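**Student:** The structure under discussion is supplied below as structure tokens; questions concerning it will follow.
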Amino acid sequence: MNNKIKVSILIANYNNKDYINKCIKSLLNQTYKNVEIIFHDDCSKDESIKIASKYKRIKIIKNKIRDKNGSYNQLKACERAFKKSNGEIIFLMDSDDHFKKNKISQVVKNFTKNKKLQGIYDLPIFDHGKKKIKINKKDKLIRTYWPYIPPQSCISIRRKYFSKIMNSISFKKFPNIWMDFRIAIYLKYISKNYFILNDNLTYYRQSSNNVSSNFSFLSSSWWKRRMEAHEYI
């Protein structure tokens, strides 16, 4: 890749001090170099800002007002970070995840091949600490009514479509429906213009601190979110 296309990585952070170094270093060590990194902190009470501030190349946004619903905070974080960005391709990222060093080059290469493409997904590697699990659900994401949704950090969107997508999904209803699901439904049913790389390029951390851990299978909260998801679709 000739690095002519600038990309922007929007990092959403809340109290993830233990993982920020690994997250940012994975971006600075990319084989693709024309990258800007925007770190949005959502009123963290730990040392997140102090850690992120060590890196001179990082643009930092400090949010002072936090909504009680995490899904709305995530949407606002990405909107604020996007306004500070100027890259042609937007990568979304949670601060406890990290990228393989060739991820950005692979994604940019595929956007370059198809000038009309709105969004690209790569596939995650679930990071359970010592245990790593590769996920391969490309066919399921395409073919089923209820799609498999790759996590937030697996999403990249061409800049000229990002605002339109965010305007369509950023409304305060369905508080248990997070941004990754909202974008996936938009790309699948509204724009119908996306591509799935059959490559595992993103390490997605799974721990007891993840939001998804609050929705154990068949629990009341799981059913509530399931109903909201059907209503959202």
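The values are calculated or read from the model by the stated rules, or taken from the named source; none is laboratory data. All figures in this text were calculated on a predicted structure; none of them were measured in a lab. Neighbour counts run over all protein chains shown; Cβ positions are idealised from the backbone, glycine included. Just so you know, the surface numbers come from the protein's heavy atoms only, side chains and all, with ligands and any DNA or RNA stripped out. Shrake-Rupley method; radii C 1.70, N 1.55, O 1.52, S 1.80 Å.
**Student:** Within region 112-128, track down each residue that is under 21 Å from residue 97 (Cβ atoms) and either in contact with a strand residue (DSSP E or B) (Cβ under 6 Å, 6 or more places away or on another chain) or without any contact (Cβ under 8 Å) to a residue 12 or more places away in the chain (or both).
**Tutor:** 119, 120, 121, 122, 123, 124, 125, 126, 127
**Student:** A further question on this structure: Could you grab me the full set of residues in region 173-194 that are farther than 18 Å from residue 91 by Cβ and either touching a helix residue (DSSP H, G or I) at 6+ places or on another chain (Cβ under 6 Å) or of a type in the set (Lys, Arg) (or both)?
**Tutor:** Answer for region 173-194, where residues must be farther than 18 Å from residue 91 by Cβ and either touching a helix residue (DSSP H, G or I) at 6+ places or on another chain (Cβ under 6 Å) or of a type in the set (Lys, Arg) (or both): 173, 174, 175, 176, 177, 188, 192.
Quick grid of which residues meet (1) assigned to a helix (DSSP H, G or I); (2) out of contact with any helix residue (DSSP H, G or I) (no Cβ under 6 Å at 6 or more places or on another chain); (3) within 19 Å of residue 25 (Cβ to Cβ):
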{"residue": "96", "(1), (2), (3)": "no, yes, yes"}
{"residue": "101", "(1), (2), (3)": "no, yes, yes"}
{"residue": "105", "(1), (2), (3)": "yes, yes, yes"}
{"residue": "109", "(1), (2), (3)": "yes, yes, no"}
{"residue": "112", "(1), (2), (3)": "yes, yes, no"}
{"residue": "116", "(1), (2), (3)": "no, yes, no"}
{"residue": "123", "(1), (2), (3)": "no, yes, no"}
{"residue": "127", "(1), (2), (3)": "no, yes, yes"}
{"residue": "132", "(1), (2), (3)": "no, yes, yes"}
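**Student:** If we scan region 224-233, do we find a residue that is among the hydroxyl-bearing types (Ser, Thr, Tyr) and either touching a strand residue (DSSP E or B) at 6+ places or on another chain (Cβ under 8 Å) or at pLDDT below 90 (or both)?
**Tutor:** No, because not a single residue in region 224-233 is among the hydroxyl-bearing types (Ser, Thr, Tyr) and either touching a strand residue (DSSP E or B) at 6+ places or on another chain (Cβ under 8 Å) or at pLDDT below 90 (or both).
**Student:** With the checklist (1) of a type in the set (Val, Ile, Thr); (2) more than 20 Å from residue 108 (Cβ to Cβ); (3) surrounded by fewer than 21 Cβ atoms within 10 Å (Cβ to Cβ) in hand, flag the one item residue 20 doesn't pass.
**Tutor:** (3)
**Student:** Let me ask you something else. Going residue by residue through region 56-70, is there one that turns out to be over 26 Å from residue 175 (Cα atoms), charged (D, E, K, R) and at pLDDT 95 or above?
**Tutor:** Checked against the condition, which is being over 26 Å from residue 175 (Cα atoms), charged (D, E, K, R) and at pLDDT 95 or above, region 56-70 yields at least one hit.
**Student:** Considering region 67-97 alone, what residues qualify as being of a type outside the set (S, T, N, Q), open to solvent by 20 Å² or more (accessible area, probe 1.4 Å) and farther than 25 Å from residue 4 by Cβ?
**Tutor:** Across region 67-97, the qualifying residues are 67, 68, 70, 72, 76, 79, 80, 94, 96.
**Student:** Is it fair to say residue 58 is open to solvent by less than 50 Å² (accessible area, probe 1.4 Å), closer than 27 Å to residue 109 by Cα, touching a residue at least 40 places away in the same chain (Cβ under 8 Å) and aliphatic (A, V, I, L, M)?
**Tutor:** In short, no.
**Student:** Follow-up. Residue 45: in contact (Cβ under 8 Å) with a residue 60 or more places away in the chain, among the charged types (D, E, K, R), surrounded by fewer than 17 Cβ atoms within 10 Å (Cβ to Cβ) and in a loop (DSSP other than H, G, I, E, B), yes or no?
**Tutor:** no
**Student:** Here is a list: 4, 22. Which entry is in contact (Cβ under 8 Å) with a residue 40 or more places away in the chain, out of contact with any Asp or Glu (no Cβ under 8 Å at 6 or more places or on another chain), closer than 26 Å to residue 201 by Cα and of a type in the set (Lys, Arg)?
**Tutor:** Unique residue meeting the criteria: 22.
**Student:** Which of the residues spanning region 186-222 are farther than 29 Å from residue 23 by Cβ, open to solvent by 40 Å² or more (accessible area, probe 1.4 Å) and at pLDDT below 90?
**Tutor:** 218, 220
**Student:** Go through region 49-94 and give me each residue that's in a loop (DSSP other than H, G, I, E, B), among the basic types (Lys, Arg) and out of contact with any Phe, Trp or Tyr (no Cβ under 9 Å at 6 or more places or on another chain).
**Tutor:** 54, 56, 57, 64, 68, 84
**Student:** Shifting gears a bit: Can you tell me which residue among 79, 47, 88, 36 is at pLDDT 95 or above, over 18 Å from the mean Cα position of the chain (by Cα) and among the acidic types (Asp, Glu)?
**Tutor:** Testing whether each residue is at pLDDT 95 or above, over 18 Å from the mean Cα position of the chain (by Cα) and among the acidic types (Asp, Glu) leaves just 47.
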